[in-house]
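Worksheet: one structure, shown below.
Since every read-out is calculated from the coordinates, none of them should be taken as a lab result. As the structure is a prediction and not an experimental result, all values here were calculated from the model. Because the Cβ atoms are built from the backbone with ideal geometry, glycine has one as well, and the counts that use them run over all protein chains shown.
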Amino acid sequence: MVGQRFVQLLDQHPWFEVTAIAASKNSAGKTYEESVQGRWKMAGPIPEPVKTIVVQDASQVEEFASQVDFIFCAVDMSKDQIKALEEAYAKTGTPVISNNSAHRWTPDVPMVIPEINPDHIGVIEAQRKRLGTKTGFIAVKPNCSIQSYVPALHALLDFKPEKVVASTYQAISGAGKNFTDWPEMLDNVIPYIGGEEEKSEQEPLRIWGSLQNGEIVKASSPLITTQCIRVPVTDGHLATVFVSFENKPSKEEIITRWREFKGRPQELGLPSAPQQFITYFEEENRPQTKLDRDIERGMGVSVGRLREDSIYDYKFVGLSHNTLRGAAGGAVLIAELLKAEGYIQAK
Ligand SMILES: N[C@@H](CC=O)C(=O)O
């Protein structure tokens, strides 16, 4: 599903053009249209320019890499296989922008939300030395779930958040499914998503980490605990969040920080950057998954229901589109940042 989102988002992209597609040996030799026959899950049609591209075998690394300037990677393989595949591509001198989790904790691989930690791309120099390449590297995006609460907390870092409790209500597209292929999800909630709580608790600390001696060292605060729940919606991960600060801000200060927050993508005017990264809703019944997930073409984050709490300082609700901001859209924005900063160039 993330691969399909990439194809859809890159259609008519002002900087990037899909020139080659690779997958497993099973799909190799088919046209892209044939390879997704009966499995196309996006709302619009398959973009015309990619329909006739003949899918290649991703394990033919040198041959495939020689045809492209950089690669977006979203694959379903074991972690070790993904690590090896992405490193093999990077060693050919080809940048790899990955949606996969395999390299999220490799010390010299940047895991980036472009509005939050664009400086982490500086670690690429150390990675290139390790891999023995002047131009190749791997950069990854974090798990989709954290994008529903990390941006809102990031805008408040000056007030030193100490403890965070977040529960995520995650769409079925996060599992690569729709209601046709997952009928069990109709009229149902499943209180378990394998590995999701660990990612949701730990990955924010790496995003807030710092670049030291050629690696990213994770932050030690705030303490974060989560519960991640699968709910019957197509797209959009919503989070309910409780937070306590060392220096408690006023409600007005929080809302001002959210509304005024801008990052490097907004400064650079990157093509996929939302104009307004964080939108605060005053209405009591917003954000709603169905109404608000597509805000800023699915690249914005919505927050609402900010109020004081009787145990923590505040509670609020956050929402982000899991396959746009949280997956393919987030990766395209990383690629735009890397191109604007000179890390991706035409070969
Ligand atoms: N693991 C997530 C997908 C986001 O990357 C989910 O299952 O929703």
Treating only the Cβ of Lys, Arg, Asp and Glu as charged (+1, +1, -1, -1), what charge dipole size does the stretch 228-347 show about its Cα centre? Round to the nearest 20 debye. 380 debye
Using +1 on the beta carbon of Lys and Arg, -1 on that of Asp and Glu, and nothing else charged, what's the dipole of the chain about the Cα centre, debye to 20? 320 debye
For the stretch 145-321: lysine pairs with Cα atoms under 24 Å, gap of 8 or more or different chains, count? 23
Pull up the DSSP beta bridges for the stretch 1-150 and report the antiparallel fraction as a percent, rounded to 5. 10 percent
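Could you list HIS321, HIS13 in order of exposure, starting from the residue whose Cβ has the fewest other Cβ atoms within 10 Å?
Working: HIS321 30, HIS13 14.
So the ranking, lowest neighbour count to highest, is HIS13, HIS321.
How high is the FRET efficiency between GLU308 and LEU205 when r is their beta carbon distance and R₀ equals 45 Å, given to the nearest 0.05? Display every interim value, and only then the final one.
Numbers: r = 26 Å, r/R0 = 0.58.
Calculated value: 0.95.
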Inter-probe distance in nm under a simple model that places probes 7 Å from Cα toward Cβ, at VAL54 and ASN178: 3.0 nm
With the dipole of the stretch 165-204 defined by +1 on each Lys or Arg Cβ and -1 on each Asp or Glu Cβ, the option from GLY176, PRO191, PRO204 whose Cα lies farthest towards the positive pole is GLY176
Going by the alpha-carbon gyration tensor, a ≥ b ≥ c the square roots of its eigenvalues, is the stretch 145-321 rounded (a/c under 1.5) or, if a/c is not under 1.5, prolate (a/b greater than b/c) versus oblate? rounded
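Restricting to the chain, compute how many DSSP beta bridges are antiparallel as a %, nearest 5.
Working: 26 of 48 bridges.
Roughly 55 percent of the DSSP beta bridges within the chain come out antiparallel.
What full-extension length gain, to one decimal in nm, is calculated for SER24 and LYS134 as 0.36 nm per residue of separation minus the Cα-Cα distance?
Numbers: separation 110, 0.36 × 110 = 39.60 nm, distance 2.80 nm.
Once the chain is fully extended between SER24 and LYS134, it gains 36.8 nm.
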Per-residue Cβ contact counts at 10 Å, fewest first, order PHE72, PHE16 as PHE16, PHE72
Summing -39500 (n - 2.57) over every DSSP H run of at least 4 in the chain, dividing by its residue total and rounding to the nearest 500, the 222 nm mean residue ellipticity is -7000 deg cm²/dmol
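Ratio of the stretch 1-128's C-alpha Rg to 2.2 N^0.38 Å, to two decimals? All intermediate terms of the calculation are to be shown ahead of the outcome.
On the way: Rg = 15.2 Å, N = 128, 2.2 N^0.38 = 13.9 Å.
Taking N as the residue count of the stretch 1-128, the ratio is 1.09.
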Separation between the LYS41 and LYS163 pseudo-spin-labels, each 7 Å from Cα along Cα→Cβ, expressed in nm? 3.8 nm
Using a basic spin-label model with each label point 7 Å from the Cα along Cα→Cβ, how many nm lie between LYS290 and ALA219? 3.6 nm
Residue with peak Gaussian network fluctuation, the chain [Cα springs, cutoff 10 Å], from GLY269, GLY318, GLY329: GLY269
Within the set VAL112, VAL332, VAL68, GNM on the chain using Cα springs under 10 Å gives the largest fluctuation to VAL68
Treat the count of other C-beta atoms within 10 Å as a stand-in for reagent exposure and order MET111, MET42, MET185 from fewest to most. MET42, MET185, MET111
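Which value, in nm² and rounded to one decimal, describes the direction-averaged projected area of the C-alpha convex hull of the chain?
16.9 nm²
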Dipole of the chain (Lys/Arg Cβ +1, Asp/Glu Cβ -1, origin at the Cα centre): which of ASN322, PRO45, ILE216 lies farthest to the positive side? ILE216
Qualifying aspartates and glutamates (Cα of each under 14 Å from Cα of LYS41; at least 8 residues distant if same chain): GLU33, ASP181, ASP235
